[in-house]
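*Asks:* Right, I'll just put the structure down here and ask away after.
Rule-based calculations on the coordinates, nothing more; no lab input. Keep in mind that what you see is a predicted model, and the values were worked out from it rather than measured. Positions of Cβ are generated from backbone atoms using ideal geometry, with glycine treated the same way; all protein chains shown enter the neighbour counts.
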Amino acid sequence: MSRALKSELLHNGMRVGIYGGSFDPVHRAHRHVARTALNRLDLDRVWWLVSPGNPLKAHAPASLESRASAIRGCMPDPRQVVSTLEARLNTRTTIDLITHLQTRHPRVRFVWIMGADGLASFHRWKNWQAIAQRIPICVIARPGVGLKARLSPAARYLARARKQDSQAKTLALGSPPGWTYLTEPLHAEASRLLRAKAAS
């Protein structure tokens with residue numbers, strides 16, 4: 001078994017955050033989200049699930065392996081696991097990925113991790129309400145999108161299921177729907193701005 005696959009091994013009772021995205025390129029704000037979730041949710045692992053592509057984005061991303069390698073280079077913590085599982089399974093939607101993971105690992109406590117910009121557009125994801133009914137969600141604040149995220153269709157739909165940030169460590173143990181919105185010192189970097197800077 002390869003080193004990458006060994007790092008993906010899960011055990012009953014583990015708390016695992018799923019952090020999906022293109023990460024094109026990975027930047028400090030991504031690392032901030034992953035580290036905040038790991039610490040505030042008391043997780044055993046954060047899985048960076050590097051997506052082959054994002055149907056909500058028009059541009060084609062850099063190669064899958066180059067993006068995964070970049071994350072591994074800047075996140076040496078063994079609790080931060082970089083995975084290309086989505087490509088290996090040939091899944092294209094979050095709901096299919098979550099269904100697979102929960103079916104294969106029914107005794108692992110999964111939490112979906114996203115930045116506040118993800119919450120703002122969550123209602124555009126395929127079967128987003130079904131996602132919320134299957135897995136607890138942790139949202140990490142991002143600059144400039146706080147109000148938009150908190151007033152988004154998804155936030156309104158899930159309003160009664162929101163847990164205070166003081167309850168964050170119990171999020172993985174609860175039954176969905178359940179979500180929390182965590183604020184920490186913010187990083188303003190965004191992949192779009194980094195790509196534009198590189199192009200210029």
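*Asks:* Mind running the shape call on the stretch 41-120? Use the C-alpha gyration tensor, a ≥ b ≥ c as the square roots of the eigenvalues: rounded below 1.5 for a/c, prolate if a/b tops b/c, oblate otherwise. It would help to have the intermediate numbers written out before the result.
*Replies:* Working: a/c = 1.43, a/b = 1.15, b/c = 1.25.
Since a/c stays below 1.5, the shape of the stretch 41-120 is classed as rounded.
*Asks:* Under a GNM of the chain (C-alpha, springs under 10 Å), which listed residue has the highest mean-square fluctuation: Trp47, Trp112, Trp125?
*Replies:* For the chain, modelled as a Gaussian network with Cα springs under 10 Å, the answer is Trp125.
*Asks:* Now for a different question. Determine the shape class of the chain: with a ≥ b ≥ c the square roots of the Cα gyration tensor eigenvalues, call it rounded for a/c under 1.5, and otherwise prolate if a/b is greater than b/c, oblate otherwise.
*Replies:* Values: a/c = 1.38, a/b = 1.07, b/c = 1.29.
Because its axes are fairly even, with a/c under 1.5, the chain counts as rounded.
*Asks:* In addition: Could you derive backbone 3J(HN,Hα) for the stretch 157-174 from the dihedral phi with the Karplus parameters 6.51, -1.76 and 1.60 (θ = phi - 60°), listing whole Hz in sequence and x where the residue is Gly or Pro?
*Replies:* Once rounded to whole Hz, the list reads 4, 9, 3, 6, 8, 6, 9, 5, 4, 5, 9, 4, 5, 9, 4, 5, 8, x.
*Asks:* What residues qualify as long-range amide H neighbours of Leu182, i.e. H under 5 Å apart, gap of 5 or more or another chain, H built at 1.01 Å from N?
*Replies:* The list, which skips near neighbours in sequence, is Val139, Ile140, Ala141.
*Asks:* Rank by packing, highest mean first: peptides 30-36, 133-139, with packing defined as the count of other Cβ atoms within 10 Å averaged across residues. Let's see the in-between values first.
*Replies:* Values: 30-36: 21.1, 133-139: 23.0.
In decreasing order of mean packing, 30-36, 133-139 become 133-139, 30-36.
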